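First comes the structure, then the notes that go with it.
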Amino acid sequence: MKTGSSGDAIKTITNHYIDGTFVESHGREVMDVIRPTNGRVIGRVTLGDEEDTRRAIAAAKRAFATFGKTTKEERAKILRRLHEAASARVDDLTAAMIEEYGGVAQFSSLLVKSGINAFLAAEQALGEIPWTRHWDKTTVTMEPVGVAGLITAWNANVLFICLKLASAVAAGCTVVIKPSELSSLQTRVLVDALHEAGVPKGVFNVVSGLGTTVGAELVRNPDVAKISFMGSVGVGESIMRDGAATMKRVTLELGGKSPTILLDDAALDQAVPAALIMAFMNSGQACAAGTRLLVPKSRFDEVKRAIKEAMSAFPVGDPADPKTAIGPMVSEKQYERIQSYIRKGIDEGAEVLVGGEGHPPGFEAGYFVKPTVFVNVKNEMTIAQEEIFGPVLSVIAYDSEDEAIRIANDSKYGLHAAVLGKDLSRARRVASQLQAGRVVINGMTDDPQAPWGGFKYSGVGREYGQYGIGAFLEPKAILES
Ligand code: NAD
């Protein structure tokens, strides 16, 4: 570790995790790691190249020859060990997420814990999957698909790696992980932790690097059978297209523009804070963020007042402070992206209820933005159609329940949705008509056995529980005459 001119400690990573050991990078390009709270350099990472990636794929392929034949009991034990190894480092993982990504403490520790618990959830699901089925003279077995490439986004990198790795290991697949290039420090803490689990060498390999080198090699390499991806729609499309040349199986977890329908019987003192939590979770950098709030016209003014009052519970600040609800954006690029969408909203005629352009006062140094709520938004406006990936909420008025459902579904995305209302049977009826992979009723909640994934442009396939493991399996039938 070195000290930079700013006085910050500089962490340096020059190697990758291949075949159960840390191997110096063949790639020579070096990338700075920037702290989002003040824009200072806190690390330098040597990026892997195609050769590093091929070495990791070869290790995974060798390991698959035996790991692919393990019993479910053996894999359950490995999942348990991975869980224990990661659990020992919860605080370090959370601290790394706060420092490198600017994730707020209160949410980062939840994300880390839910990542770690994915190993236990996979262990449970593994015990429930019908691995072999017989009828007449037919036997069907579920076989691991082979070597998988796991590619993650930066907004919950530790959670994504744990989730995908847990499902792959449960299925009997070996993997090469390509973390987001904005998450190298967090990934290193996680890999150090998982190394202690004593997993057979080559079962999981990690190469840091860019999507256009390491990611692209995973997508085109014929020894990789499956890509499990989290990221943007554009990259997801290219993975599907380029992966077709080697007939890749793909799971694509992409973007969202999730609707929250506030029904006219909702108690606003609970419903409005719940809607804001869903809009601003993970500082708005969440694929599932409820960024379109649909409100009955009859209660629009009341809701506006309730939003203004509830905003005091969403302070911007130092992400390490447990009271902070909204931290900085991950990068300058992301800061500029949010600003451009806020300008676009104003230009298209939406009204700023709270927030607006620029840094919040006192937070000029880092990539902090003002949590912003637009009212008088029409669903066809850019801010209601495109994923902003920051703390920007569009409030849209509706006349009837049918119209609310129509507006909610009038989106290219379909990842997540929410319904808020007193009458549960009515809320369920509305939920059943929404085109989304998950719908929550009366507030954000999670279930590690429930499928996660999107309709429409939000992606292809599902993660979590049996659904997630199934994505790494092929059914194979043996028929006797
Ligand atoms: P991104 O698409 O820019 O990058 C995601 C990953 O893909 C990174 O690791 C990147 O290096 C890699 N990549 C880039 N180009 C590649 C290529 N040509 N081939 C292979 N890999 C390549 O996305 P991002 O900015 O990191 O993440 C934000 C996006 O991710 C948002 O749209 C968000 O909604 C989405 N996301 C979705 C989910 C979900 O569960 N559906 C979860 C998290 C994030």
#### Entry: Kyte-Doolittle mean at least -1.0, axial Cα span of 20 Å or more - DSSP H helices of the chain
50-67, 105-128, 157-171
### Query
Once the mean 1/r over all distinct Cα pairs of segment 240-325 is inverted, what Kirkwood radius in angstroms do you read off?
15.3
### Query
What order do GLU143, GLU128 take when sorted by accessible area (1.4 Å probe), most exposed first?
GLU128, GLU143
### Query
Put LYS226, LYS11, LYS113 in order of accessible area, largest first, 1.4 Å probe: what do you get?
LYS113, LYS11, LYS226
### 5 angstrom amide H check on ILE34, placed H, neighbours 5+ away
ILE42
## Note on the structure
Summing +1 per Lys or Arg and -1 per Asp or Glu among the other residues with Cβ less than 12 Å from VAL175's Cβ gives +4
### Task
Summarise the accessible area of the chain (1.4 Å probe, protein heavy atoms) by the percent that is carbon and sulfur.
52
### Solvent exposure ordering (accessible area, 1.4 Å, most first) of MET230, MET31, MET240
MET240, MET31, MET230
### Task
Note down the accessible area of TRP135, probe 1.4 Å, to the nearest 10 Å².
120
### Task
Report the residues of segment 49-69 in range of a label on LYS476: point 7 Å along Cα→C-beta, backbone N strictly under 11 Å from it.
68-69
### Message
At 1.4 Å probe radius, can you tell me the per residue accessible area of the chain in Å²?
### Response
40
### Message
Solvent-accessible area of LEU126, probe 1.4 Å, all protein chains present, reported in Å² to the nearest ten, please.
### Response
0
### Message
Looking at the calculated P(r) for the chain, what percent of the C-alpha pair distances fall above 41 Å?
### Response
19
## Note on the structure
Simple SL model, points at 7 angstrom along Cα→Cβ for SER432 and LYS323; separation in nm is 4.7
### Cβ-based net charge around PRO200, under 13 Å, with every Lys or Arg adding one and every Asp or Glu removing one
+4
### Query
For segment 208-308, what is the charge dipole size about the Cα centre, in debye to the nearest 20, if Lys and Arg each add +1 at the Cβ and Asp and Glu each add -1 at the Cβ?
160
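The values are calculated or read from the model by the stated rules, or taken from the named source; none is laboratory data. The model shown is predicted, which means the values in this text are computed figures rather than measured ones. Cβ coordinates were reconstructed from backbone atoms using ideal geometry, including for glycine residues, and neighbour counts include every protein chain displayed. To get the accessible areas, we keep the full protein, side chains included, count just its heavy atoms, and leave off ligands, DNA and RNA. Shrake-Rupley method; radii C 1.70, N 1.55, O 1.52, S 1.80 Å.
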